[in-house]
1. Quick one: count up the residues across the stretch 185-204 that are exposed (fewer than 13 other Cβ atoms within 10 Å of the Cβ) and either over 19 Å from the mean Cα position of the chain (by Cα) or not in a loop (DSSP other than H, G, I, E, B) (or both).
2. Tell me, yes or no, whether the stretch 186-194 has at least one residue that is away from the ligand (no atom under 12 Å from the Cβ), in contact with a helix residue (DSSP H, G or I) (Cβ under 7 Å, 6 or more places away or on another chain) and closer than 16 Å to residue 17 by Cα.
3. Only one of (1) closer than 15 Å to residue 54 by Cα; (2) under 15 Å from the mean Cα position of the chain (by Cα) is not met by residue 155, so which one is it?
4. Say whether the condition of being under 15 Å from the mean Cα position of the chain (by Cα) and under 22 Å from residue 218 (Cβ atoms) is met by at least one residue in the stretch 125-135.
5. How many residues are touching a strand residue (DSSP E or B) at 6+ places or on another chain (Cβ under 8 Å), outside any loop (DSSP other than H, G, I, E, B) and more than 14 Å from the ligand (Cβ to nearest atom) if we restrict to the stretch 88-145?
6. Which ones in the stretch 164-174 are on the phi < 0 side of the Ramachandran plot, away from the ligand (no atom under 14 Å from the Cβ) and surrounded by fewer than 17 Cβ atoms within 10 Å (Cβ to Cβ)?
7. Spot the failing condition for residue 50; the list is (1) more than 24 Å from residue 177 (Cα to Cα); (2) within 12 Å of the ligand (Cβ to nearest atom); (3) outside any loop (DSSP other than H, G, I, E, B), and only one is missed.
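Bear in mind these aren't lab numbers, they're just calculated from the coordinates by the rules spelled out. Source: prediction; values computed, not measured. Cβ: placed from backbone, ideal geometry, glycine included. Neighbour counts: every protein chain shown.
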Ligand code: DC
C-alpha cells in the first residue's frame, strides 16, 4: 500500500474482488452497513446491461450497441439503507429478482468481456465514491476502478464451496437450482472472467488475499474490519 494510495480523493474505499460465489456480495453489504458507508455492487451493472440488451433485443455480441446501452442505462438503486440498496429499477421496472438469475449472470459475464462496455461503466462506478466511504464489490475494483483504494481484499474459496453457497442462496430465494449445472457454470465463468484481455479477474499487487473456504461470513467481516482499522490507524 502506497502512502498516497490509502484514499480515493480523500474518500475511503475498501475494494473487495474475487470470483463468483466467493462471498463478496454478502460480505461487502455487511461491511458497508457496519461502517455506515455506501456500497457498489459492480456486478449488478454488468447484469443490468445484459438485461437491458434482452429487453431491447440487442445481441450480446454487438459491442457498439451494448456500449450505448451501458452509457445510457436508466437505472435507480432504491431503498438505500446504510448505503445498501434493496431494490433495483431498470427503465421503470423492478428487476431486483430478474438480475439474480443464473441466465443473467451468464449473460453478464459475456458482456463484461467487451472493452467498450467496461469503459462505458467506468465513470458510473466511480461516481459511487461519495462520503463517508465506499465498499466496492467486483472483479476489478482494486486493479482498475479504484486503484487507490485504501484496502484491497481478494476473496477466494474452493469452486465446490462457491457452488454450494450459490445453490443455497438460490434455494433460499425459491429459485431453480441444480448443483452440477452451477458447478460447470462457475468453471466457465471463472475461465472467461480470468482470461479476458481487459480487466481480467486477478488480485491487485497490493491486495490481501483471503480464502473463505470453511470461514463464516461474520468471521471474514471481522477480519476485514481489523485490516481496515490497521490501515486507518496508519493514515491518522
Ligand atoms: O458478481 P456478479 O456475479 O454479479 O457479476 C456478474 C458478471 O459480471 C461476472 O461474471 C463478471 C462480471 N463482472 C466484471 O467483469 N467486473 C466486475 N467489476 C463485476 C462483475
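1. 5
2. No, every residue in the stretch 186-194 fails to be away from the ligand (no atom under 12 Å from the Cβ), in contact with a helix residue (DSSP H, G or I) (Cβ under 7 Å, 6 or more places away or on another chain) and closer than 16 Å to residue 17 by Cα.
3. (1)
4. So far as the stretch 125-135 goes, yes, one or more of its residues are under 15 Å from the mean Cα position of the chain (by Cα) and under 22 Å from residue 218 (Cβ atoms).
5. 3
6. Result: 164, 168, 171, 172, 173.
7. Result: residue 50 passes all but (1).
One line per residue, one yes/no per condition, for (1) closer than 25 Å to residue 166 by Cβ; (2) in contact with a strand residue (DSSP E or B) (Cβ under 9 Å, 6 or more places away or on another chain); (3) more than 14 Å from the ligand (Cβ to nearest atom):
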{"residue": "36", "(1), (2), (3)": "no, no, yes"}
{"residue": "44", "(1), (2), (3)": "yes, yes, no"}
{"residue": "54", "(1), (2), (3)": "yes, no, yes"}
{"residue": "60", "(1), (2), (3)": "yes, no, no"}
{"residue": "64", "(1), (2), (3)": "no, no, yes"}
{"residue": "69", "(1), (2), (3)": "no, no, yes"}
{"residue": "72", "(1), (2), (3)": "no, no, yes"}
